[in-house]
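Read-outs throughout are calculated quantities, based only on the coordinates presented, and are distinct from any laboratory measurement. If you're wondering where the values come from, they're calculated on a predicted model, not measured in any experiment. Backbone-built Cβ (ideal geometry, glycine too); neighbour counts: all protein chains shown.
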Amino acid sequence: MSKVLLISTGGTITMVRDAKTQALVPADIETFKAYMPELFAGEMQVDIEAFTPLIDSSDINPDCWVKMARMVYDHYEEYDGFVILHGTDTMSYSASALSFMLENLSKPVVFTGSQLPVGVLRSDAKENLLTAIEISGAKDEEGNAIVPEVTIYFEDRLFRANRTTKRNAEHFSAFNSYNYPALAKAGVHITYQPHLVHYSDPEKPLILHTAFDCNVAVLKLFPGIQQPVVRALLRARGLKGVVLETFGAGNAPTDKWLYKELKTAVDNGIIIVNKTQCNTGSVEMGLYAVSLNLMKAGVLSGYDITTEALLTKMMLLLGETPEKAKELLGKELCGEMTVD
Ligand code: ASP
């Protein structure tokens, strides 16, 4: 019998309507459990740890990531797999963060949630949660975990966590992985794609990284962007890293001032990584002349990484040292990007 630890942080899946405001708020874990008797009637042993209070994922921050990752780390030997219940709004950030925090992970950590609260008749909560539990405890014939990495299960797809983005605020299919195929599809049967899974060496011990440096920013370019805005952001006190969201294959306006602002920032030790505004495809600096200035200024390529993965990876590496961040931001660590 597989043993799974369910870690509940909150999110819509745990919510009820507030009598006064009519807005959705997380209930407590006992209320949630009462809606989910199936959790304790299946073929797996499911134990529960919960945040107190449960929270909306808009309130998630790096301290919460440390709390979640520590729960996995502290109980790592006791369980075959882990499921993390989380609001959908920032799930891709949290799941990406944990994929970098848990180095050498060789057990499944599956994030899930729902678009409708568990108590609503048409809710997607039960299917999402019960399938996530099944996936987190699933083993092959040799008894090895089938998907021993951090993933998101939603609607009928299992995605690598650090490849996901929340794409829809209404549909049950809330997430997508634009640049990497699904690791499993769930219908009558769950069909796994083991050749797509990232495996760590099971002989290596699990290492927990917890130091985040939040002195980072996202700078989204747009036609007509003005120098004072860019300057104010790049000269913000304490800034250490920037996700530069560019056009198409990693392109930017050729205004001299933009080049100078970026170059000055890089010369001052700020790490700038180029991430395309397109969901699908990769940064290819040098393909168009309009990206040459970025290369000259010392901007690094983010290839086909998501903003969620790039930001969390940057915060975690900067938490170690800026040198480490500079060295590893352009390298693939756990399947988060395709470096050509
Ligand atoms: N606001 C909710 C949250 O992220 C949305 C959800 O869970 O779907 O916690």
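Observations
- C-alpha long axis of helix 125-137 to longest principal axis of the chain, angle in °: 90 degrees
- Rounded FRET efficiency, nearest 0.05, which uses the C-beta distance separating K256 from E141 and R0 of 51 Å: 0.25
- Rel. contact order, % - alpha carbon contacts under 8 angstrom, at least six apart, the range 50-111: 45 percent
- Over 29 Å [Cα-Cα, the chain], rounded percent: 40 percent
- Sequence ranges 22-32, 311-321, 96-106, ranked by mean other-Cβ count within 10 angstrom, highest first: 96-106, 311-321, 22-32
- Sequence-separation-based contact order of the chain, relative, with Cα cut under 8 Å and 6+ spacing, percent: 15 percent
- For F175, F40, F154, order by how many other beta-carbon atoms lie within 10 Å, fewest first: F40, F175, F154
- Exposure proxy order (Cβ contacts within 10 Å, fewest to most) of Y288, Y259: Y288, Y259
- FRET E, pair V188, D74, Förster distance 41 Å, beta-carbon r, rounded to 0.05: 0.65
- Spatial separation of Cα centroids for the range 245-274 and the range 180-201, in angstrom: 37 Å
- Of the residues W65, W257, the one with the fewest other Cβ atoms within 10 Å heads the list, and the complete ranking is W257, W65.
- Per the Kirkwood formula applied to alpha carbons, the range 1-151 shows a radius of gyration over Rh ratio, Rg over Rh, of 0.96.
- The listed peptides 330-340, 107-117, 242-252, ordered by packing as a protection proxy, come out as 107-117, 242-252, 330-340 (highest mean of other Cβ atoms within 10 Å first).
- Helix-only arithmetic for the chain: the sum of -39500 (n - 2.57) across DSSP H runs with n ≥ 4, divided by the residue total, places the mean residue ellipticity at 222 nm at -8000 deg cm²/dmol.
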